[in-house]
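Enquirer: What follows is a structure written as structure tokens; I'll ask about it next.
Derivation of every value follows stated rules applied to the coordinates shown; laboratory data play no part. Only a predicted model underlies this, so the values are computations on that prediction, with no experimental measurement involved. Cβ sites come from the backbone with ideal geometry, for glycine too, and all protein chains shown count toward neighbours.
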Amino acid sequence: MKSLLLVGLGGFIGSIARYYTQVLFNKILPGHIPYGTLTANVLGCFIIGVIFAIGLKQGTLSTEWRLFIAIGFCGGFTTFSSFSLENFLLLQAGQYAAVIVYFLGSVLLGFGATLLAVFLFR
């Protein structure tokens with residue numbers, strides 16, 4: 001039950017953080033590409049990479065903190081379900097170049113952020 005509450009609380013906080021990230025970045029960088037979601041995905045990938053690397057390197061991160069941050073917060077913060085829907089909507093609107101930039105940017109930058117985090121914090 002404790003684990004479930006930790007994941008739920010982390011997801012609650014992560015979802016709120018995602019919403020504000022989307023609002024902020026979509027306001028700063030308006031256009032066809034949903035930069036707020038892209039930013040949340042890349043940051044979420046980086047955070048989960050940090051958690052993974054710290055857990056490997058130091059072994060000091062408790063199971064509870066990993067559940068709260070990696071599963072809860074990052075699960076609520078990263079938005080690949082939104083990513084999928086937004087790509088569909090861009091395709092539907094005929095914004096093909098935006099789909100390519102958004103799709104590749106999310107996947108490549110997200111993966112790169114995870115690699116960078118593991119490299120920096122291992």
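Enquirer: At 7 Å along the Cα-to-beta-carbon direction for both Gln92 and Lys57, put a label point, then send me their distance in nm to one decimal.
Expert: 4.4
Enquirer: How tilted is helix 2-28 with respect to the longest principal axis of the chain? Cα atoms for both, answer in degrees (0 to 90, nearest 10).
Expert: Result, in degrees: 30.
Enquirer: Which of Gly94, Gly36, Gly11 moves the most in a Gaussian network model of the chain with Cα springs under 10 Å?
Expert: In this elastic network of the chain, the residue with the biggest mean-square fluctuation among Gly94, Gly36, Gly11 is Gly94.
Enquirer: Taking the Cα atoms only, what angle lies between the long axis of helix 80-92 and the longest principal axis of the chain, rounded to 10 degrees?
Expert: 10
Enquirer: Rounded to the nearest 500 deg cm²/dmol, what is the calculated helix-only ellipticity per residue at 222 nm for the chain, with -39500 (n - 2.57) per DSSP H run of length n ≥ 4?
Expert: -24000 deg cm²/dmol
Enquirer: May I ask you to give the average projected area over all directions of the convex hull of the Cα atoms of the chain, in nm² rounded to one decimal?
Expert: Projected over every direction and averaged, the Cα hull of the chain covers 7.6 nm².
Enquirer: Could you check the simple spin-label distance between Phe119 and Tyr20, using points 7 Å along Cα→Cβ, in nm with one decimal?
Expert: Spacing of the two 7 Å Cα→Cβ label points: 3.1 nm.
Enquirer: Connecting C-alpha atoms closer than 10 Å in a GNM of the chain, tell me which of Ala98, Ala40, Ala70 has the biggest fluctuation.
Expert: Ala98
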